[in-house]
Each structure stands twice: as C-alpha cells, then as structure tokens.
Amino acid sequence: MARKKKELPLLEGITITGVAAEGKAIARVDNLVVFVPYVVPGDVVDLQIKRKKHSYAEAEAVKVHQYSDKRAIPFCQHYGVCGGCQWQVLDYSEQLKYKQQQVVDNLSRIGKVVLPEISPILGSEQTQGYRNKLEYTFSNKRWLTREEVAQNVVYDQMNAVGFHIPGAFDKVLAIEKCWLQDDVSNRIRNAIRDYAYEHQYTFINLRTHEGMLRNLIIRTSTTGELMVILVAQIKTGEEMRLFETLLQYVADSFSEITSLLYIINNKVNDSIGDLEVHTFKGEDHIFEEMEGLRFKVGPKSFYQTNSRQAYNLYKVARQFAGLTGNELVYDLYTGTGTIANFVSRQAHRVIGIEYVPEAIEDARINSEINGIDNTLFFAGDMKDILTEDFIREHGRPDVIITDPPRAGMHPDVVNVILQSAPKRIVYVSCNPATQARDLQLLDSKYSVKAVQPVDMFPHTYHVENVVLLEIRQEE
C-alpha cells in the first residue's frame with residue numbers, strides 16, 4: 001500500500017524579517033526558521049511549506065498581503081524563473097546593506113577575530129550589463145513556465161537557447177533578453193537562434209547527447225572588442241558544412257565581432273578546457289585595459305567578470321599592500337596574473353603562483369605585452385609549489401596577496417604563509433565565510449587592520465571582500 005504523502009502546512013500573514021544565503025529571505029515562525037525565495041524583508045505573505053526539517057523549512061510565497069517599502073520592480077521578464085539575479089526585487093541600496101552585514105556576520109561569527117571598523121561597501125556603478133562573459137546552452141527541451149503549462153501554451157519550436165533551469169539539467173529556459181551583458185549579446189544569441197530555427201538545425205538533447213548546437217559563449221571588453229564562441233557536436237562532413245554556414249552568417253551579420261571562434265565538442269560533458277579552439281574570423285583573443293595595462297583574454301582565460309568593478313577591487317588590494325617599490329610580493333592564486341601585473345610597477349619583484357598552466361602562460365604573455373620584467377610565474381598546486389624550499393630559493397616575501405577560490409586556502413598554504421611571516425597579507429575573497437575561517441588560522445601571528453567589501457555582482461547575494469592583515473609586533 002502506497003504511503004500517504006504528508007500535507008505540509010500553509011502559514012498565513014507571515015512577515016519576512018531578513019535575508020539568508022543563496023539569495024533567499026527569512027521568516028521566523030515560533031522556533032522554525034523558514035527560507036523563502038523572491039520575497040524581501042518587510043513583505044507580509046502567506047507561505048506554503050515545501051520541505052520541513054526539525055528547525056527549518058523551505059517555503060514558497062503564495063499570496064502577498066503587504067509589499068515592503070524595500071521592494072524594487074524586477075526589470076527582467078525572466079525574473080523568478082531562470083534562477084539568476086535573485087535580488088532584482090530588492091532595492092539596490094538595500095542589497096548593499098545586506099551584503100555589508102553578510103561580511104560583518106561572517107568575520108565576527110566565524111572568524112571571531114578582533115576587527116577594525118569595516119569600511120562601507122563599494123557599490124557597482126553599473127548594476128545592469130556589467131558582466132563581460134555569458135554562456136548560453138542549446139537544448140531541444142524548452143522549459144515551460146508554470147503559467148505556460150496551465151494555459152496549455154504550444155510552441156512551434158521546443159528548441160531553446162538560454163540558461164539551465166536549476167534542478168532540471170536537461171531543460172533550458174528560452175531567453176529573449178538578458179540584462180547581465182551588453183545588449184549585443186542578446187542580438188547575437190537571438191539571431192543565431194532564429195537562423196537555426198529557420199534552417200532546421202538540431203539542438204543538443206542533454207540526455208541522449210544527440211543534436212548539433214551545444215553552447216554559445218560571448219565575451220565583451222571595455223576596449224569594445226567582442227568574442228563569440230560557438231560550440232557544436234559534429235560527426236559528419238555535412239554537419240560541418242552546415243556549421244560553417246552558420247558561422248559565416250554570424251560573421252556577415254555582426255561586423256563588430258573581432259574574434260569569432262568555434263569548438264567541436266563530441267564529448268558527453270560541456271567542459272571545453274581540453275578541447276581545441278578554432279578561429280573562424282579575426283583574432284583568437286580580445287584585450288582588456290586597466291591603467292594603461294593591456295590584458296590578453298583568450299577563450300579559456302579567467303578574467304574578473306565585472307571589468308569596471310574589478311579595477312576598483314584591484315585598487316583596494318594595491319592600496320592595502322602599501323608598496324614602496326622595494327618589496328618582494330607573492331601573488332597566490334594569480335590566475336592570468338592580473339593583480340601581479342597591476343601591482344608590479346610599485347614592487348621590486350612579484351611572484352605569481354596558479355594551478356592552471358594555461359593561465360600562467362597568459363600571465364607571462366600579459367607581462368611581456370606590457371613590458372613588465374619584474375614578474376615570475378609558476379604553475380602547480382598551491383600547497384605543492386609554496387613550500388619552505390620554494391621560499392628559500394626565491395626569497396621571503398614582504399607582502400603576500402592571496403585571492404583563493406571559494407573554498408579558501410588549504411591549511412598547508414596557511415601554515416607556509418605563517419612560517420614565511422610577511423609584513424602584510426592582503427586577502428581578497430569571493431566567499432567571506434571561508435575567508436573568516438582562514439583569518440582565524442592566521443590570527444596567531446596577524447591582526448586585521450582594514451576590511452573593504454566590494455560588490456562585484458549586483459542583484460545577487462555574492463559579495464567580494466578585501467582584508468589587510470599585519471604581522472603582530474613582538475612584545
């Protein structure tokens with residue numbers, strides 16, 4: 001006999017009181033913490049519980065009794081469906097307040113170190129069109145919204161190009177207009193879509209892996225250069241001919257494209273790191289510029305996604321480093337060497353370390369392009385490269401700048417930093433929670449002297465944070 005599904009309660013007239021991780025808001029009902037998407041503090045709503053544990057629950061707002069004065073009107077037609085930009089419904093000034101508080105809470109509750117007054121967050125001048133890179137997915141299974149299903153909407157085309165729906169890997173939401181990137185991105189994507197519809201190109205089936213068109217990557221830059229990468233599964237000569245015809249259509253239709261590239265991906269997964277990139281038109285790269293420095297950005301290069309705000313972030317890191325021209329600087333997790341090259345004019349020498357060999361090659365090229373001769377770059381796992389032997393060979397750093405991935409630094413790396421005892425550490429983080437954990441580990445020798453949050457991603461819950469640590473003076 002089938003087990004009867006337990007009915008979950010409807011909570012009526014509940015006031016939303018705060019925000020939480022992953023862009024969700026919080027309500028508290030008796031001893032229960034309820035996480036709710038797409039509402040803001042001050043909203044009074046009815047909540048349908050969707051999942052319940054002992055001390056918390058997840059719910060959906062099914063009716064709004066009163067809207068908060070902190071609300072904003074979402075500007076995107078896909079808001080609430082695609083899964084991105086969760087905070088569009090929250091006024092930007094309020095977003096900044098909650099991001100600031102997120103940094104304060106993480107550093108004080110997790111780090112539990114003595115903190116100076118935390119500087120007000122640096123907001124992003126651009127809150128729309130700020131991303132320099134977007135990746136779209138093709139699929140032959142278009143996601144239908146709840147309203148479309150209820151209205152029995154029938155589309156001539158069930159192929160779609162857009163973003164994956166969270167929790168449904170094989171379904172893609174057809175995007176008409178995304179506000180995250182310059183509008184040229186929308187025009188290119190929609191033109192490719194319409195051409196593919198008209199000429200009956202096949203879109204990939206993400207379950208059976210049949211179909212031609214797979215991914216579209218668009219990169220823009222502050223220099224006005226534009227890179228477009230089309231990824232397809234090609235198994236016959238006729239499919240290659242059709243693909244080249246599509247590429248020629250894109251080249252003819254968008255003269256502003258300075259780098260038109262393509263990748264043949266016949267694998268099961270979408271990763272392109274191990275695949276050859278072919279140039280169809282123009283260069284195989286674009287450039288970013290910052291204070292007269294030029295940074296080469298290839299199809300696989302990492303570059304901070306918000307170019308203009310990255311400049312403000314790097315200026316904070318450089319200011320915190322307090323360089324006079326005499327320092328040996330270690331730039332850990334250097335990526336393509338952007339920070340290393342950015343601070344090199346104020347340092348005696350900069351040594352950058354990064355896991356990805358291709359990124360290190362880009363870093364070296366960027367130094368060469370800019371006539372910088374006081375940088376050295378090394379590729380390998382940070383905990384294997386940064387050792388006492390490495391420091392004995394290359395010199396004990398006066399300043400360490402570290403910008404690790406979201407998981408933070410490996411304990412072995414923290415230990416070597418403590419042993420090398422630089423005067424200052426500048427810790428750039430995209431995850432204040434793991435940053436706080438690492439600050440606690442560094443607290444035995446270092447005190448936090450300055451904290452500067454930076455908003456790189458408006459309308460999301462993500463926040464970047466820069467911390468200056470100085471070595472404690474021996475008593």
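The values are calculated or read from the model by the stated rules, or taken from the named source; none is laboratory data. Given the structure is predicted, the values throughout are model-derived calculations rather than measurements. We place every Cβ from the backbone using ideal geometry, glycine too, and count neighbours over all the protein chains shown.
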Of Arg349, Arg318, which residue is surrounded by fewer than 22 Cβ atoms within 10 Å (Cβ to Cβ) and in contact with a Leu (Cβ under 7 Å, 6 or more places away or on another chain)?
Arg349
Just to confirm my filter: which helices (runs of 4 or more DSSP H) fall fully inside region 318-426 and include at least 1 residues that are within 28 Å of Asp443 (Cα to Cα) and in contact (Cβ under 8 Å) with a residue 24 or more places away in the chain?
338-343, 382-385, 388-394, 411-420
Select from region 154-179 the residues that are over 11 Å from Arg193 (Cα atoms) and in contact with a helix residue (DSSP H, G or I) (Cβ under 7 Å, 6 or more places away or on another chain) and list them in ascending order.
Lys177, Cys178
Search region 65-87 for residues being hydrophobic (A, V, I, L, M, F, W, C) and loosely packed, with under 14 Cβ neighbours inside 10 Å, and hand back the single one that is farthest from Ala168 (Cα to Cα).
Ile73
Among (1) modelled with pLDDT under 95; (2) under 24 Å from the mean Cα position of the chain (by Cα), Ile385 falls short only on (2)
Taking region 243-278 as the region of interest, how many residues are closer than 22 Å to Lys296 by Cβ and among the β-branched types (Val, Ile, Thr)?
5
For region 437-468, which residues satisfy the criterion of being more than 16 Å from His410 (Cβ to Cβ) and aliphatic (A, V, I, L, M)?
Val448, Ala450, Val451, Val454, Met456, Val463, Val466, Val467, Leu468
Go through region 186-236 and count every residue that is on the phi > 0 side of the Ramachandran plot and either touching a Ser or Thr at 6+ places or on another chain (Cβ under 6 Å) or at pLDDT below 95 (or both).
2
Name the residue, out of Lys99, Lys133, that is modelled with pLDDT of 95 or more, out of contact with any Asp or Glu (no Cβ under 9 Å at 6 or more places or on another chain) and crowded, with 18+ Cβ neighbours inside 10 Å.
Lys133
With a cut-off of at least 3 residues that are of a type in the set (A, V, I, L, M) and under 30 Å from the mean Cα position of the chain (by Cα), name the strands (runs of 3 or more DSSP E) lying wholly within region 32-82.
32-36, 56-66
Looking for something within 20 Å of Val104 (Cα to Cα) and among the charged types (D, E, K, R) - is there at least one such residue anywhere in region 408-431?
no
Whichever residue in region 159-193 is over 23 Å from Ser221 (Cβ atoms) and basic (Lys, Arg) and, among such residues, is surrounded by the most Cβ atoms within 10 Å (Cβ to Cβ)
Arg193
Restricting the first residue to region 22-49 and requiring it to be touching a residue at least 60 places away in the same chain (Cβ under 8 Å), which pairs with a second residue that is in a loop (DSSP other than H, G, I, E, B) meet a Cβ separation below 6 Å and a spacing of at least six or different chains?
Gly23/Tyr461; Lys24/Pro37
Note on region 239-254: residues in contact with a helix residue (DSSP H, G or I) (Cβ under 7 Å, 6 or more places away or on another chain) and of a type in the set (S, T, N, Q) are Ser253
Suppose we filter region 427-449 for residues that are more than 20 Å from the chain's Cα centre (by Cα) and either part of a loop (DSSP other than H, G, I, E, B) or aromatic (Phe, Trp, Tyr) (or both); how many remain?
4
